[in-house]
Amino acid sequence: MTLPKNNFIQLFFLLISLISTFDALAADTNKSSYNYIDEAVLIRTEQWLALMEGAQLDTDALKLKLVNDFFNQNITFADDINLWNTPDYWATPTEILTAGAGDCEDYSIAKYFALLELGIDADKLRITYVKSKHHQQAHMILSYFSSPGATPLVLDNLIPEIKSADQRHDLLALFSFNDSGLWLSQSNGKQQKISNSSALTKWKNLKMRML
């Protein structure tokens, strides 16, 4: 598996470190290593690395489903203030997998980097701010565009099924971004590029923490 310079490689070394450290503890005490670690972290990381290894040659559609299902099923929703003791924190994929929890931004960010790692073109992926009409609050999803100008598919932690954006009448798109830019969503459904994504301070800080 070819890994880019992001913190998925850190996950691999985290897993190896966990296994080595706690196997040593088990040998010293003649007890199971699982007495000394959060077993869920180890299992979740092993499952994640297996998914990333096994899905490299899958179709885009299957990659979207595997990644969406993994995070929705293995990560518990938690507000930033309760999880990170700050009102608004954008977690790296390693952080959300280690914590086993995150909010809508964290789900979307982790799915974005996972799909990049699986070889999906960055131009097809945008992290999208929306308004949830049902909850009357801001929300974040990941959008997948099969081609330029196509109606995107929505990867969401609120609804497990991947649906086309025109089926998600509960969401109102506001703006979206990826590594190459920032787009304003217009009322006619079109996207207007307005800036470089480096204008988003939290995104810039997140990328720096992943180097």
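List of remarks:
- Rounded to 0.05, the FRET efficiency of the Leu172 and Ala50 pair, given R0 = 25 Å and the Cβ-Cβ distance, is 0.10.
- For segment 124-211: span of alpha carbons on each principal axis (Å, largest first): 36, 25, 22
- Inter-centroid distance (Cα atoms) of segment 58-91 relative to segment 169-192, Å: 21 Å
- Per-pair calculated FRET efficiency, R0 = 30 Å: Leu184 and Thr76 via Cβ, rounded to 0.05: 0.40
Coordinate-derived values only; no laboratory data. Predicted model, so just to flag it, every value in this text is computed and none were measured. Virtual Cβ from ideal backbone geometry, glycine too; neighbours counted across all protein chains shown.
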